[in-house]
Amino acid sequence: MAELQRLNILPKAHIYDAELRPVRDLLRRRTNLVQQRTALFLSFKSLYARTTGQSMPLKTLKSLEPKEGKNLYVHPANQL
């Protein structure tokens, strides 16, 4: 880093306009929430496949109510 700075080839940081920062932060937060939602869906599908030996279509999974998911499993640890 010191060598790059000495040679003056270190790229300068981009400073966002103060008016655009809230939009950028909102989009960043939305992206994180979408990724978390996808990870949770995949985790649930994987648990269901491991415990029952069957696969569940994503459409079915998305239509489930939270309380219905509990009834899919016999073991209390999986119900959590």
| said: Could you order the peptides 19-26, 69-76 from most to least packed, using the average number of other C-beta atoms within 10 Å per residue? | reply: 69-76, 19-26
| Lys/Arg Cβ at +1, Asp/Glu Cβ at -1, dipole of segment 1-75 taken about the Cα centre: which of 18, 60, 42 is farthest positive-ward? | 60
| message | If you take every residue apart from residue 51 with its C-beta less than 15 Å away from the C-beta of residue 51, what net charge results, scoring Lys and Arg +1 and Asp and Glu -1? | response | +3
| task | Over all alpha-carbon pairs in the chain, figure out the percentage whose distance exceeds 22 Å. | result | 54
| task | Please work out how much length the chain gains when fully extended from residue 73 to residue 55, using 0.36 nm per residue of separation minus the C-alpha to C-alpha distance, in nm with one decimal. | result | 5.1 nm
| task | For every helix of n ≥ 4 consecutive DSSP H residues, a contribution of -39,500 (n - 2.57) applies; sum these over the chain, divide by its total residues, and give [θ] at 222 nm rounded to the nearest 500 deg cm²/dmol. | result | -19500 deg cm²/dmol
| note | Given a Förster distance of 35 Å, the FRET efficiency implied by the Cβ-Cβ spacing of residue 65 and residue 24, rounded to the nearest 0.05, works out to 0.50
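Charges only on Cβ, +1 for Lys and Arg, -1 for Asp and Glu: so what's the dipole of the chain about the Cα centre, in debye to the nearest 20?
My answer is approximately 140 debye.
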| message | Taking the 0 to 90 degree range and rounding to the nearest ten, how far is the long axis of helix 21-52 tilted relative to the main principal axis of the chain, both from C-alpha atoms? | response | 30
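Every number in this text was worked out from the coordinates using simple rules, so none of it is lab data. All values derive from a computational prediction rather than experimental measurement. Cβ sites come from the backbone with ideal geometry, for glycine too, and all protein chains shown count toward neighbours.
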